[in-house]
Structures are given as structure tokens and as C-alpha cells.
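Step one of this worksheet: look at the structure below.
The values are calculated or read from the model by the stated rules, or taken from the named source; none is laboratory data. Everything quoted here is computed from the prediction, not taken from an experiment. Quick reminder, even Gly has a Cβ in these numbers, built from the backbone with ideal geometry, and neighbours come from all protein chains shown. Side chains included, ligands, DNA and RNA excluded: accessible areas come from the protein's heavy atoms. Shrake-Rupley method; radii C 1.70, N 1.55, O 1.52, S 1.80 Å.
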Amino acid sequence: MKLKLIVIFILIFQIASTKAEETDTYSFSFLILDAQTNKSVSSADILISEKKSSYTTDENGELILSDFKLGRYHIEISKIGYKTYHYDIIIDSSLFNTCLIFRIMPISFSKPTVIVTGSTFSSKYDEIFSNIANLEGKELQREMGMSLASTLKNEVGVSIRSMGPAPARPVIRGLGGNRIMISQDGNDISDLSGTSPDHSVTLEPFNVERIEVIRGPKVLLYTPITIGGVVNVVKNDLPYQRSEKTTGMVSSFLESANRGFLGAYNITVPFEPYYLFSNLSYKKANDIRMPDSILKNTSLNTLDYTFGTALNIDSVFASVSYSEFDSKYGIPGGFVGGHPKGVNIEMFKRTIGIKNVTHLHYDLIDNIELQFGRVYYNHKEFESNNSLGAEFVFTNYNGSVIFNQNRTKLFDNGSFGASFNIRDLKMGGYVFTPPTTSSNFSFYTYQNISFDNIHLYFGLRYDYTGIQPKPKSFDSKIGRIEQRNFNTISASASILTEITDEFALAFNLSRSNRPPTIEELFSEGPHLAAYSFDIGNPNLKSEYGYGLELTSYYKQTDFKFSFSTFAYLMPYYIIPRNTGKINYAQILPIYQTEGVPANLFGAEIIIDYFLNRNLNLNTNFSYTYGELAESRKPLPMIPPLKSITTLEWKNTKFNLGLRITAALSQKRVDEFEEPTNGYIIFGAFAQYTFPLFDFVSNISLIGENLTDKVYRNHLSRIKSVYPEAGINIKLAYKAYF
Amino acid sequence: MFNLKLLIILLFGIFVALLFYSCSESSPTENDDHYEAAGLLLKQGNTVYMRIFQAKIDNNYNQSISLKTGQESLVFSVVFLDEDGKELPEPTDVNKSFGWVIDDNTVVSLEYDNKNKWSFRLKGLKEGTTNLELRLNHNDHPDFKTPKIPVVVGK
């Protein structure tokens, strides 16, 4: 039976007390354990690429290796009946006499291969792109912020759209809103954060295992939009893996700029064949401090929890979960484009999910994954006197079936599946958009084929999207409001060539589609919190375009270099444009959504260099250029060139680092958009990992904007009057058991 | 196999129970107030002193308000106009209120009578020129506002 893999859990370092000797070569040992039973795994194969040698564990699951020089090694662990596991390890003096313990997962209980999972890569393509944006472990803890966007802000190509700290949302390569899908464990998070800058993302980053940006053909498993990427948060609310002991995590987080704190836990308790699982996070933050003042009405208060049960019998795994996300936050006001006195928002989301994975191990199909969920979402906006200004309520039903394939003669592996999503959206308060029911049905596949050093990946997806207003048809100021149907086919193909063992080239070509949102079609008035007079256009077509991307990747033991350049050619790109008309009531220019030709170009560079065995220099650059294709005028809200450089000293216990973030000014702006100046800000961090009782603990101290510099985020809606936060000290603690 | 079926049915039952639990979810609070002003008339008695429509001061009527220092104007009553230029009834929503902004409060003051919600007087304070903006406020933001109305205070 063909094996492929995924490994879970953490790599545990057992540090010997003996100090490294001053020799040129080192020895250390491996111990391979079964992740379910914790028993040793004998006869597991360990392939070390750099030594071009393979080894086998003994009857105790152990393997002792000697004659290793300092440097980075790529290892592959495989064993019949288990998933194969790839990992890059750095051999330094601190690993002398160390035992590296790996827990590997039996194939029948592993996660489906369609999910890109952290330290294990299901393809070479994933391996390369995981270096571009993939946060987990210590790095995730170091980058942790109060929102998903602030957690991702130091990743290459990622910017933050904001309107105060709470509703921040990631922007990738200048693409934001609904063009960037945010998913949790592969499923859309179901909120309205993509539709308006004051709507917050209903996801807490602190309780997640990993955050990744998925690019390339694989995005078609999630969305018809092939440009940009999918921000996937791996939280595992519905656990797959079997465990014989209670596992979990407790954590806390403090932040000075907003005097915020957060506490979180997650736990899984086995009562075989049942498992009970639960996680919770609570955060509270006050108004944020800027270098020269306090930004009023930016406090937030969020409770997020999940509980559920799972069962596992033979090769069938099923689970049901219930979760709530309850948040209250403020939107500042008193500026052009904002509500005069700010707005307070209350947001509530309830999710019920059921999931089933059945492992068949047939020749073609390895496993089938079924998922069904229901989401209730309620978002209320209150004015300063607590009167209700706007309300958005929807109930969402979604489901999917995914067949994950085994390797066949034709394809290495892949997946195909179908999904549906039905949303009933109603508005209240002073929102003049009609209630609408939207339905989406999709069919998709993702496959890859390898020929020696050439790897082909492709994805294909069909979507039907229907948007039906209530009543079904009527005339309004913006035109005839009636049902709209969109049938789209999206495709993406990549070719990756491993030119040498160190150097690879990848080229991607894709066609992207995005049906317009309800707001883009039917909105008829000012939005309270955003206080903009944007109206919809009921005649919009589906946004479409073509993406081209070339990535080169060079990797040596102590050096990695990646260069990506992209072009998104969009013959029909939906953005609000000035109609030349005035809203006579508020004397505001009326912006109406239109599909216009537009182009986005850009490049990203990542350099990662080990100056010595402990000292690492990582720097990245990202740049996006956006223009309206006909007029050559700038697209709105395009981030400036940004660079982040991190110098880090690390061993197995400590990580110490300095960081410089620099951005150039952005003078290329759309009508009514203000330019921003360039800036340089400094940060630092220190992390310490230590055992405490039976816990593996990690404590992080992070400083941001240490010089208290006044600087502005170009994608902030409030940048004209409010800069970004001043000096900010963050303290985070996590303990795993 | 029987146990497996039983357990899956149990899980499904939990799911259905949770769905029923969700039946208490609220629907949005609808507001049927669609009072949308596109202009206004400033009347003195039954006489239209000034007409503002679609963000412009109608040149068939006065283009500015003139006063003398120390003089109090006659009462101006405000009547809002709809998109067709027809007179709207007075707003009845308790969240709607009359508002104004004077660029230079040392030139003119506005006296507002709470008993008559949609009427006001102006008083010239010193010789000069300033601007007046009238508003139909909804809670703490204007649903409607006029362009700047010139106010001239002479000797």
C-alpha cells in the first residue's frame, strides 16, 4: 500500500546536559514514536538528502548517527502503514548528544492530504510556497497580534486593511476584501469582513495551530478566485487524530499599546471511542495608544469558544462541534470618510459543524471527507447614543464532499469534490439593501503529476452562484433589482522544474472568477460606520482575470533565496468609481461599483541566510503596482514597497532578534485617496522554551515600534487623522501538555 | 457495525439538537423610516425666502440672508423637499432633529425655539459675512445638509 504522509504534533528536543565539544563533527540520535500509542516504531526509514544515505531505526525505534557537520539537513521519515514525513533540521552544537523525537501518524488516522499542513508538505510546490507564508510554532507565537491581520503583517506580500485595530483584515498583493478568502481548516469562515472595512474577522488567532497562505492551483479547492491566495487557519476544531492521553494548550497574552490581555486554552480528552474537545479564548483591549494621543473608541472585547465530541471506530471518524464568537468593538469617528462620532459594533456568530472522514484505502480513493455546517451571524452597529444604525443578519448552510485520491498511474495524488453554500442575508436599521438569498454550488479538482524533476499541478473549478433579492424583482434608484445568476469556470496550472538539487523554477498560469457580492450589486446608500456613499450596480458581471506568476527558488544548507514576480491582468475588475453625481442629502460624491480593466504587477523577494550556526538573517521585499488599464491611473489602496529584515540568534532554548520594517511613501493614489509617507520602525523579540512539570512552555517578549515613531499605514481608512500604534510591548506565554 | 451506526446516529442527533437550539436566533430590527430629503424651503410665514434643491440655492429666490447688526430676523420655518421637489411633512421620528453649523459665530447667532422644532431666527452680531449650514440630523449624524448659505450682516 502506497504511503504518504502527514505528521502531527511537535518536535520535542531533549537536550542533554553535556556541552558540545569543540569538534568538527557531531553525533545525535533519532527516536521514532507512534503518535497514537506513543510506542517506538522499528524499521522506519530515515533518508538524509545531503548525505545521500538512508538509515533504519532499530527494534527500539532508535537510530544513532555520527559524523555530522554543522548545517541544515533535509530528512525524510517513512514507514509502511504511516505517513511519510519531511523535515528540515539544523545541526548545531546545541544538538550534540541530543535525541530528536518524532511522532508519526498511522495512515488511517491522518488528516486528508488536501489540507496543506505545516511542517509536512504534500508536494514540492507546497514546500516552496510554505517558505513564503506559513506561521506556526515559535514563529507564530512571536508574530501573534490581537487580530489575524496583525499576526500576518510581517509576511511577505501581506498588508493590513484597517479602520482601527479591531476590523483589520489581511490584504495580499494589493488584493483585499472578498478577493482574499479566509478559511478555517479549509472552510470559509462565513462572516461579512470582506464586504466593508468596519467589519471584523470572526476568528481569533491565538488558539490556532498554524496560519498559512495557500497559493497556486490548490486554491481552487476553496474558491474560484485564483489570484491573491487563501489565508487558511489550521485550528482543528474538529480533531482527526486519535490520542490515548489528554492533550492541549494553555496560553496568555498581554499587550501594552492597548492595555490588552488575552487568555486561551484548548483541550482534547479521550474516552475511547469518544473524544471530547474544547477551546476558548477571551480578549479585552482598551483604546489604542498612538505616539501622540489615544485613539478613542477602539476598544474591543471578544469571547470565542468551541466544544464538541468526536468518535473513531475502525476507519471512520466523525465529529460534531458547537462554537460561538461574541465580539464588541469600536470604530473611531470624526474624520472624512468616517462616522462623525464613531460607531460601536456588536457581532455574534454561532457555528454548528459536523464532519466525517472515512478511510477506504481503495485503489483510486484513499478517503472521503464529508462536512456540513450551519452559521448564524448577527452584526449590529450603534451610534453614540446607543441607537441602532445598521444591522446585518444571515444564516448560512454549507457542506462539502471531498474525495482524496491515492497515487494512480496517471496522477501522483489529488482530490476532487463538490460543495454548496446557501446564505439568507437580511438587513435592519438604516441599511437600504434588500434582503437577499445567495446560493453557490461548486465542483472542483486538484491534481499533480511528476516526471523526475518536473512537477505539474493543475486545478479546475466550476461554480454556480445565484443571488436572489426579496422581492424577486423591483425598480430602484440604481436600476432594476432582480435575480442574478453567474456560471464560472476557473482554472490554474503550475509547472515546477527542479533544475538542480538546490534550484527550482515554478510558473503558474490561471484564470480567476469572482461573482459580485450582494453589496456590489444592490447597495443603495451610505454605510453607517464607513460613512461612504457607495452604491451598487445590479448589472455587474462576474469579475474575471488572468494571473501569471514566475517563482525561482534556491536553497542551500545555510541559504535560501526566493524571487516571485506576478501579473494579474483583469479585463473586468470591480471597484467603486466616481459617477460624477452628488448625493444631494449629504453632499457626498456618489461612487458606484463598475467593472473596469485593471492590471496589478508586483514582485516579492525572500532571502534567508545563516551567518553561522546560530545567527540567521532574513529579509523580504514586497511591491505591488496597480493601475486602471485604460487611463493608466493608480488603483486605490495599493500598499507601498515594504521590506522587513530580521536578525535572529537562536538555539534550542532561546530566540533573540531585532527587526527593521521599512516602507516607502505611496504617492500613486486614486481620487480622494491621500498619499502616505515612508517610514522605518524597529522591533525586537526574545523567546525562551523550557519544560515546566509535564508542559513544554514558551514565553515570548516582543517589542514593536520601539522608537515610538509616528507612521501611517497606507491601507488604513483613518490614516488621514490617526497614525499607527506607538511603542508596543507584547508578552505571550504558551504551555503544551 | 451496529455500534458504529448507533454512534453516528447519536452524533447526528446532537447536531439536530443544536440546530433546534438555534431557533431562538433573532431577526434584524427593521426600520421603515425612509424620510429622504433632497432640499428645503426657508419660509417666512407663507412666503418662500430661499429654496435649496439638489445641493443648489435656487436663483429664483434669495441667494443669501441679509441682516443688520443687532437685528433679529423674522422666524424662518424649514420645510423639507423630496426628490421631486415636493414638500415633505415634518419628520416625526424622535431620532430626527434640527441642526446647524455657523462658520463664524461672532458675526451671527441662531436662536432656536424648542417648542417649534423646525423654526429658527438669526441675529446679526457684528458687521461681516459668514456661512450657515442647516442640517436634518439623525441621531448624531446628518441625514441631510444644505450647501453653505451666505449670511451678510451690515451696519
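Per residue of the range A:583-595, in order, report the coupling 6.51 cos²θ - 1.76 cosθ + 1.60 (Karplus, θ = phi - 60°) as ³J(HN,Hα) in whole Hz, putting x for Gly and Pro.
Once θ is set to phi - 60°, the couplings for the range A:583-595 become 7, 6, 6, 9, 6, 10, x, 8, 9, 10, 5, 9, x Hz.
Please compute the modelled spin-label separation between residue A:731 and residue A:609, points set 7 Å along Cα→Cβ, answer in nm with one decimal.
With each label placed 7 Å out from Cα toward Cβ, I get 3.7 nm.
Modelling each spin label as a point 7 Å along the Cα-to-Cβ direction, I'd like the residue A:645/residue A:272 distance in nm, to one decimal.
5.5 nm
When the scattering of the range A:405-531 is computed by the Debye formula from its Cα atoms alone, each counted once and equally, what is log10 I(q)/I(0) at q = 0.16, 0.20 Å⁻¹?
Results for the range A:405-531 at q = 0.16, 0.20 Å⁻¹ read -0.86, -1.11.
Between the range B:80-133 and the range A:380-394, how many Å separate their Cα centres?
Comparing the Cα centres of the range B:80-133 and the range A:380-394, I get a distance of 27 Å.
Give the average, rounded to an integer, of partner chain Cβ atoms located within 10 angstrom of each Cβ in A:321-330.
Working: counts 3, 6, 0, 0, 0, 0, 0, 0, 0, 0.
Mean number of neighbouring Cβ atoms from other chains: 1.
So, with +1 on the Cβ of K and R and -1 on the Cβ of D and E, and no other charges, what is the size of the charge dipole of the range A:125-736 about its Cα centre, to the nearest 20 debye? Before the final figure, lay out each step's value.
Values: 57 positive and 60 negative charges, 201 e Å.
Here the range A:125-736 has a charge dipole of around 960 debye.
Classify the range A:173-287 from the C-alpha gyration tensor, please: rounded if a/c falls under 1.5, else prolate or oblate depending on whether a/b exceeds b/c.
Values: a/c = 2.61, a/b = 1.22, b/c = 2.14.
It is oblate, given that a/c is not under 1.5 and a/b is not larger than b/c.
At most 14 other Cβ atoms within 10 Å and a DSSP loop assignment: could you name the chymotrypsin sites (Phe, Trp or Tyr not before Pro) in the range A:686-726 that fit?
On the way: sites: A:688, A:693, A:695, A:711; in loops: A:693, A:711.
Listed in order of number, the matching sites are A:693.
Where in the range A:403-418 is the amide nitrogen less than 14 Å from a point lying 7 Å along the Cα-to-Cβ axis of residue A:315?
Under 14 Å, as judged by backbone N against the label point of residue A:315, lie A:404-407 of the range A:403-418.
Hey, got the average number of other protein chain Cβ atoms within 10 angstrom for residues in A:383-390? Can you show the working numbers first?
On the way: counts 5, 3, 3, 1, 5, 5, 6, 2.
So the per-residue partner count for this stretch is 4.
Considering the range A:142-200, what Rg and Dmax in Å follow from its alpha-carbon atoms?
Looking at the range A:142-200, its Cα Rg and Dmax stand at 10.7, 30 Å.
Once you have the alpha carbon radius of gyration of the range A:486-564, what is it after dividing by 2.2 N^0.38 Å, with N set to its residue count? List each step's numbers first, then the result.
Numbers: Rg = 20.7 Å, N = 79, 2.2 N^0.38 = 11.6 Å.
Its radius of gyration relative to the 2.2 N^0.38 Å reference: 1.79.
For the protein assembly as shown, with all protein chains present and a 1.4 Å probe, just round the carbon and sulfur fraction of the accessible area to a whole percent.
Details: 20180 of 36130 Å².
Carbon-and-sulfur percentage of accessible area, whole number: 56.
Cα extents of the range B:39-154 along the three principal axes, largest first, in whole Å?
Taking max minus min along each principal axis of the Cα atoms, the range B:39-154 gives 37, 30, 24 Å.
What does the accessible area of residue B:75 come to, in Å² to the nearest 10, when a probe of 1.4 Å is used?
Approximately 60 Å² for this residue.
Where in chain A lies the longest segment free of GluC sites (Glu not before Pro) that are both loop residues by DSSP (not H, G, I, E, B) and have at most 15 other Cβ atoms within 10 Å? Walk me through the numbers before you get to the answer.
Values: sites that count: A:21, A:22, A:59, A:244, A:502, A:630, A:671.
Longest run free of exposed loop sites: A:245-501.
Give the calculated FRET efficiency between residue A:625 and residue A:452 to the nearest 0.05, with a Förster radius of 41 Å applied to their Cβ-Cβ distance. Before the final figure, lay out each step's value.
Details: r = 37 Å, r/R0 = 0.90.
The computed FRET efficiency comes out at 0.65.
Tell me the accessible surface of residue A:315 in square angstrom (1.4 angstrom probe, heavy atoms of protein chains only), to the nearest ten.
40 Å²
Please average, across the residues of A:339-350, the number of beta carbons from any other chain that are within 10 Å of each residue's own beta carbon, and give a whole number. Could you put the intermediate results ahead of the total?
Working: counts 3, 5, 3, 1, 2, 0, 0, 0, 0, 2, 0, 4.
Across A:339-350, the average partner-chain Cβ count within 10 Å equals 2.
Quick one: buried accessible area between A and B, total over both chains, 1.4 angstrom probe, nearest 100 Å²?
Values: alone 29270 and 10340 Å², together 36130 Å².
The summed interface area works out to 3500 Å².
For residue A:623, what charge total do you get from the other residues with a beta carbon under 10 Å from its beta carbon, if Lys and Arg give +1 and Asp and Glu give -1?
Working: positive: A:173, A:642; negative: A:604.
Neighbour charge sum, excluding residue A:623 itself: +1.
Grab the beta carbon distance between residue A:139 and residue A:480, set R0 = 35 Å, and tell me the FRET efficiency rounded to 0.05.
Numbers: r = 52 Å, r/R0 = 1.48.
Between residue A:139 and residue A:480 the formula returns 0.10.
By the scheme Lys and Arg +1, Asp and Glu -1, what is the net charge of all other residues having a beta-carbon under 12 Å from that of residue B:25?
Values: positive: A:349, A:350, A:374, A:426; negative: A:324, A:424.
Taking every other residue near residue B:25 into account, the sum is +2.
What spacing in nm lies between the two simple spin-label points modelled at residue B:16 and residue A:439, each 7 Å away from Cα in the Cβ direction?
About 2.4 nm separates the two model spin labels.
Pull out a ≥ b ≥ c, the square roots of the eigenvalues of the alpha-carbon gyration tensor of the range A:165-240, then state rounded if a/c is under 1.5, prolate if not and a/b is larger than b/c, and oblate in the remaining case. Before the final figure, lay out each step's value.
Details: a/c = 1.79, a/b = 1.06, b/c = 1.68.
It comes out oblate by the Cα gyration axes.
How big is the protein assembly as shown along each principal axis, measuring the range of its Cα positions in Å and listing the largest first?
105, 62, 52
Computed FRET efficiency, Cβ-Cβ of residue A:296 and residue A:261, R0 22 Å: what is it to the nearest 0.05?
Values: r = 20 Å, r/R0 = 0.91.
Computed FRET efficiency for residue A:296 and residue A:261 comes out at 0.65.
Using a 1.4 angstrom probe on the protein heavy atoms only, line up A:463, B:143 by accessible area, largest first. List each step's numbers first, then the result.
Working: A:463 5, B:143 35 Å².
Descending accessible area places them as B:143, A:463.
Assuming 0.36 nm per residue, please report the length gained on full extension of the stretch residue A:539 to residue A:250 beyond their Cα-Cα distance. It would help to have the intermediate numbers written out before the result.
Values: separation 289, 0.36 × 289 = 104.04 nm, distance 5.09 nm.
Here the answer is 99.0 nm.
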